[in-house]
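The values are calculated or read from the model by the stated rules, or taken from the named source; none is laboratory data. Bear in mind the structure is a predicted one, so any value in this text is a computation, not a measurement. Every residue, glycine as well, gets a Cβ built from its backbone with ideal geometry; the counts of neighbours run over all protein chains shown. Remember, those area values only see protein heavy atoms, side chains included, never the ligands or the DNA or RNA. Shrake-Rupley method; radii C 1.70, N 1.55, O 1.52, S 1.80 Å.
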Amino acid sequence: MRYYCLEIDEGEKEPYAYGVSVTEWPRKEIHCPLCQREWKKSTMHDLGTDTPIALSNDNYPDFLWFYINHISGKAKDVLEREKITGYSLEKAHVLSIRDLSDLQLTELRRQGIRVHKISKEPPAYYKLHVAVSAEFYKKSNVILLNRCPECGYETYSAESKERIEARDYLYLREESLKGVDLFRAKGYGVTVYCSERFVEVYKRHELTGLTFTEMEVL
């Protein structure tokens, strides 16, 4: 079985839309009685977190980039019909241009967003929640430095900053793979990985918004 990293296809002829945040990053204040840490935990990947977004233009891909992947109604139907495993979905909060305040529109313009491309009737998208289940092989040098079993605080490091940011130095540990089609890995939790079956389904149904880089499994 081959495994791949999901990468963003920005669009060749015309850039695909991506999600633009219009609120602060969702975080939860943690005051842990065990490790005594006071820290802010990201809730971006938690079910039920409201993360309203605007779409950067009107060229809508099936897999839309945001800090958590968003997928179209077509992609949702394909994944369900093909019985792809390893994910859950919830309706995304996609804003119409009519929902945006003058202050928000000004900030989007400042970020280089062509606000006239923001639709009055944006299509439905769904947040793609993928669980962290896999681990990296020790050769990847992704090291757990600290963990609290009470509050879930974790910090990871690597041999060098360059190594942890380079796909060429990351190796999935075969024993940690659970046989699901979509998964994330401990220590590099934002990135989504997939099985070759997912890639085949994606290509057969001519979905858009992704490219794939094969990962080495040890």
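Before moving on, here are some points about what is shown:
- Selection count where residues are aliphatic (A, V, I, L, M), surrounded by fewer than 19 Cβ atoms within 10 Å (Cβ to Cβ) and in a loop (DSSP other than H, G, I, E, B), scope region 107-139: 3
- Of all the numbered requirements in (1) over 16 Å from the mean Cα position of the chain (by Cα); (2) over 30 Å from residue 217 (Cβ atoms); (3) assigned to a loop (DSSP other than H, G, I, E, B); (4) of a type outside the set (Gly, Ala, Ser), residue 83 misses one, and that requirement is (2).
- Residue 152 vs. criteria at pLDDT below 90, part of a loop (DSSP other than H, G, I, E, B) and more than 30 Å from residue 59 (Cα to Cα): yes
- Scanning region 83-106 for residues that are surrounded by 16 or more Cβ atoms within 10 Å (Cβ to Cβ) and either farther than 28 Å from residue 195 by Cβ or touching a Lys or Arg at 6+ places or on another chain (Cβ under 9 Å) (or both) returns 84, 86, 89, 92, 94, 95, 97, 100, 104, 105.
- Residues satisfying the criterion are absent from region 68-90 (criterion: charged (D, E, K, R) and at pLDDT below 95).
- Number of positions in region 182-218 that are open to solvent by less than 40 Å² (accessible area, probe 1.4 Å) and under 14 Å from the mean Cα position of the chain (by Cα): 11
- A search for C-beta distances below 6 Å between a residue of region 171-189 that is within 9 Å of residue 133 (Cα to Cα) and polar (S, T, N, Q) and any residue that is open to solvent by 10 Å² or more (accessible area, probe 1.4 Å) and assigned to a strand (DSSP E or B), counting only pairs 6+ apart in sequence or on different chains, returns nothing.
- Residues of region 62-82 satisfying the condition of being farther than 21 Å from residue 3 by Cβ and surrounded by fewer than 20 Cβ atoms within 10 Å (Cβ to Cβ): 66, 67, 73, 74, 76, 77, 80, 81
- If you go through region 28-55 and keep only what is of a type in the set (S, T, N, Q) and either surrounded by 11 or more Cβ atoms within 10 Å (Cβ to Cβ) or not in a loop (DSSP other than H, G, I, E, B) (or both), you end up with 42, 43, 49, 51.
- The conditions of being more than 27 Å from residue 153 (Cβ to Cβ), assigned to a strand (DSSP E or B) and out of contact with any Leu (no Cβ under 6 Å at 6 or more places or on another chain) are not met by residue 12.
- Residues satisfying the stated conditions in region 140-149, i.e. outside any loop (DSSP other than H, G, I, E, B) and either out of contact with any Leu (no Cβ under 8 Å at 6 or more places or on another chain) or open to solvent by 50 Å² or more (accessible area, probe 1.4 Å) (or both): 143, 144, 145, 146, 147
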